[in-house]
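Working notes, structure below.
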Amino acid sequence: MLSKRIIACLDVRDGQVVKGVNFEELRSAGDPAALARRYNVEGIDELVILDITATLEARRALADTIARVARELFIPLAVGGGIRTEADAAAAVDAGADKVSLNTAALADPSLITRIAERYGSQAVIVAIDAKRETAAGDRFAVYARSGQTSAGRDAVEWAREAELRGAGEILLTSIDRDGTKAGFDCALTAAVSDAVSIPVIASGGAGGLEDFVEVFTAGRADAALAASIFHYAETSVRALKEHLRANHIPVRLA
Amino acid sequence: MIALIDYKAGNLTSVRKALAALGAEVIVPGVPGELADAAGVIVPGVGHFGATRALDTPWIDGILARVGEGRPLLGICLGMQWLFEGSEEAPELPGLGLLAGRCYKLQADGVKVPHVGWNSLAIGRADASLLDCVADGSQVYFTHSYVAPVTGDAAAVTEHGGRFAAVVQRGYVGGVQFHPEKSGDVGLRILRNFLELAG
């Protein structure tokens, strides 16, 4: 049976992992390769490197970061943040990324999804959707661009369907309402998108405790769940999370 | 020296990296003649079966010549499907035909297609050297929509909407539907088994 995936996200700036990370177990604090190594040993299923760098010089450092992480990691590696062109995607893939994640640039020019899918295959293209509830009931969700700052004037379910048709291989769906709150994933949002597409949906935003993951895989019908800070802080080890999921009859890979 | 065939069906970086980590010397031949010294041949690939059109007669002859010398051949993902007679994804295009059967699309019977993620291997044959030291139930990383049939050549089977061949081996000819280069220690073990077969 296909396992539900647990994905760790590393927010990287200037070659260092950021987001208020507590690295007391690591000799080299903030080093993405060291953190990736730890997650790999714990049994993470996939890694996402999210580049939150602004300058051109620092973006060159990103390729080095990808290469260092990819050198010793033999699980899928996705790279997102600031991928605007086919050349950006090619640089990430050449450095060792298996998948690229597109967000604002795909909203501005949806044909970018198709062009990258034609070059590298749909399995290499993730479309990231940042969505916010339009109603308290959670039956309509609006898409936001530019790290959640600008309304894209689109419905999340409809945009996910279009992304699939244009060649996306997976959807990375982040709830802006829940991101950073630790109040749990937005299961209504996740289920609405997951039911609308046949490609896998990765739920993101709001992971706080073990039970949140159980809910997003059952009520939310997610195929994968992504988290950052709860793993970085070692509040929850990947292994403990997977054991909890397995105890709740959710199929996972225990490495 | 292992020859990794680049027929522009996806990116070879990950496969090269995994082989390098295992200490293998890898070449990516530019012309079929460069296959002559290969101790083993790997045909990787993701995407549409139509991409295998680039593996034309000179490449096929070069690969079959190595197989005829007892050099092992490993197909990965699309490369494994190419070992069969063909695929309904591109019905007009023949496969290499070393293995009997045709590839077909996974049925979305209550499951998502494409099949993306970690799934388990049900090992059905103890004699398949590709699976030396690989435990039954081990999980590996898949990403595909088409599959190869379960025949006598299947060494391990995976289930997603139906059962399909996850590992095939017939003598020196082997294939894996998943990505060993992305399947952690289990995947590296399978690549190591292939390298040992290549000597």
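Miscellaneous remarks
- Subset of region A:210-232 that is within 17 Å of A:ILE7 (Cβ to Cβ) and in a loop (DSSP other than H, G, I, E, B) - its residue that is nearest to the other protein chains (Cβ to nearest Cβ): A:ASP223
- Residue within region A:38-46 that is modelled with pLDDT of 90 or more, outside any loop (DSSP other than H, G, I, E, B) and within 14 Å of another protein chain (Cβ to nearest Cβ) present: yes
- In region A:90-145, counting only strands (runs of 3 or more DSSP E) that sit wholly within it, the ones holding 1 or more residues that are more than 14 Å from chain B (Cβ to nearest Cβ) and of a type in the set (D, E, K, R) span A:125-133.
- Condition check for A:ASP195: under 20 Å from B:HIS160 (Cβ atoms), of a type outside the set (S, T, N, Q) and without any contact (Cβ under 8 Å) to a residue 60 or more places away in the chain: yes
- Residues considered: B:GLY62, B:GLY50. Of these, the only one that is out of contact with any helix residue (DSSP H, G or I) (no Cβ under 9 Å at 6 or more places or on another chain) and under 18 Å from B:GLY95 (Cβ atoms) is B:GLY50.
- B:VAL134 meets all of the listed conditions (1) in a helix (DSSP H, G or I); (2) within 14 Å of chain A (Cβ to nearest Cβ) but one, namely (1).
- Between B:ALA100, B:ALA108, the distinction of being surrounded by fewer than 21 Cβ atoms within 10 Å (Cβ to Cβ) and facing chain A (nearest Cβ under 8 Å) belongs to B:ALA108 only.
- Scanning region B:163-186 for residues that are surrounded by 24 or more Cβ atoms within 10 Å (Cβ to Cβ) and facing chain A (nearest Cβ under 9 Å) returns B:HIS179, B:PRO180, B:GLU181, B:SER183.
- From the list A:ALA61, A:ALA87, A:ALA91, the one residue that fits, being in contact with a Leu (Cβ under 9 Å, 6 or more places away or on another chain), surrounded by fewer than 20 Cβ atoms within 10 Å (Cβ to Cβ) and farther than 18 Å from A:VAL127 by Cβ, is A:ALA91.
- A:PRO200, sole failed condition from (1) under 12 Å from A:ALA8 (Cα atoms); (2) at pLDDT 95 or above: (1)
- Selection count where residues are in contact (Cβ under 8 Å) with a residue 60 or more places away in the chain and not aliphatic (A, V, I, L, M), scope region B:73-117: 5
- Qualifying residue in region A:163-173 (condition: touching a Leu at 6+ places or on another chain (Cβ under 8 Å) and not in a loop (DSSP other than H, G, I, E, B)): yes
- Subset of region B:10-64 (residues that are surrounded by fewer than 17 Cβ atoms within 10 Å (Cβ to Cβ), among the small types (Gly, Ala, Ser) and in a helix (DSSP H, G or I)): B:ALA20, B:ALA21, B:GLY33, B:GLY50, B:ALA54
- Among the residues of region A:168-208, just one is within 14 Å of chain B (Cβ to nearest Cβ), surrounded by fewer than 18 Cβ atoms within 10 Å (Cβ to Cβ) and either hydrophobic (A, V, I, L, M, F, W, C) or within 16 Å of the chain's Cα centre (by Cα) (or both), namely A:ALA196.
- Residues that are outside any loop (DSSP other than H, G, I, E, B) and either closer than 14 Å to B:ALA165 by Cβ or within 15 Å of the chain's Cα centre (by Cα) (or both) within region B:95-114 comprise B:ARG102, B:CYS103, B:TYR104, listed in sequence order.
- All positions within region B:122-131 that are crowded, with 17+ Cβ neighbours inside 10 Å and assigned to a strand (DSSP E or B): B:ILE123
- All conditions in (1) within 19 Å of B:VAL116 (Cβ to Cβ); (2) over 16 Å from the mean Cα position of the chain (by Cα); (3) not β-branched (Val, Ile, Thr) hold for A:SER237, with the sole exception of (1).
- For region B:1-30, filtering for residues that are within 13 Å of another protein chain (Cβ to nearest Cβ), without any contact (Cβ under 8 Å) to a residue 60 or more places away in the chain and hydrophobic (A, V, I, L, M, F, W, C) leaves 2.
- Taken over region A:94-121, the criterion of being hydrophobic (A, V, I, L, M, F, W, C) and surrounded by 21 or more Cβ atoms within 10 Å (Cβ to Cβ) is satisfied by A:ALA97, A:VAL100, A:LEU102, A:ALA106, A:LEU107, A:LEU112, A:ILE113, A:ILE116.
- Here A:ALA156 fits the description: more than 14 Å from chain B (Cβ to nearest Cβ), aliphatic (A, V, I, L, M), buried (at least 24 other Cβ atoms within 10 Å of the Cβ) and touching a strand residue (DSSP E or B) at 6+ places or on another chain (Cβ under 9 Å).
- Count of region B:118-169 residues which are of a type in the set (Ser, Thr, Tyr) and free of Cβ contacts under 8 Å to residues at least 40 places away in the same chain: 2
- Residues of region A:71-89 that are over 27 Å from B:ALA20 (Cα atoms), of a type outside the set (Lys, Arg) and away from chain B (no Cβ under 14 Å): A:GLY81, A:GLY82, A:ILE83, A:THR85.
The values are calculated or read from the model by the stated rules, or taken from the named source; none is laboratory data. Computed from a predicted model, the values in this text were never measured in an experiment. Backbone-built Cβ (ideal geometry, glycine too); neighbour counts: all protein chains shown.
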